[in-house]
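> The following block contains the structure, expressed as C-alpha cells.
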Amino acid sequence: MGNCKMLPKHVKARIKEWSKKSLEAAFKLVEDGNPIREAARCTGIPFSTLQERLKKKKNKKKIWLLKLDCLLIYFTGVLL
C-alpha cells in the first residue's frame, strides 16, 4: 500500500469515460502486483470499472492466442 500518489477529491468527479492514460496506469499497477482495489484508489477509477476492464483485457488476450493457435494448426497441420 502507499505506492501511488492519490488524486485530490475534487478530481475524482463522476466521469463515465476514463482516459487511456489512467487505465494504462491502473493496468500497470495491477501487473506490478498491486491489488485491484489499490490501483483503483490510486488512479481514481472505480473498483468495479477497473475490474471489468481487466476482465475484458484478459479475455481479448485469450481470444487472440486462440486465433493464433488455430492459424498455426491450419497452416502447419500440427496440433500444439
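> Give the relative contact order (percent, whole number) for region 9-76; include only Cα pairs under 8 Å separated by 6+ residues.
Numbers: 26 pairs, mean separation 16.0, N = 68.
Answer for region 9-76 is 24 percent.
> If you place +1 on the Cβ of every Lys and Arg and -1 on the Cβ of every Asp and Glu, how big does the dipole about the Cα centre of region 9-76 come out, in debye to the nearest 20?
That gives region 9-76 a dipole magnitude of about 300 debye.
> Calculate the spin-label point distance for ALA25 paired with TYR74, positioning each point 7 Å from the Cα along the beta-carbon direction, and give it in nanometres.
It works out to 4.1 nm between the two label points.
> Got a sec to turn the phi values of region 49-61 into Karplus ³J(HN,Hα) couplings, 6.51 cos²θ - 1.76 cosθ + 1.60 with θ = phi - 60°, whole Hz, x for Gly and Pro?
These are the phi-based 3J(HN,Hα) values: 5, 5, 4, 5, 5, 5, 5, 4, 5, 5, 5, 4, 5 Hz.
No lab work stands behind these numbers, since they all come straight from the coordinates. Predicted, not measured: the structure shown is a model, and the values here were computed from it. We place every Cβ from the backbone using ideal geometry, glycine too, and count neighbours over all the protein chains shown.
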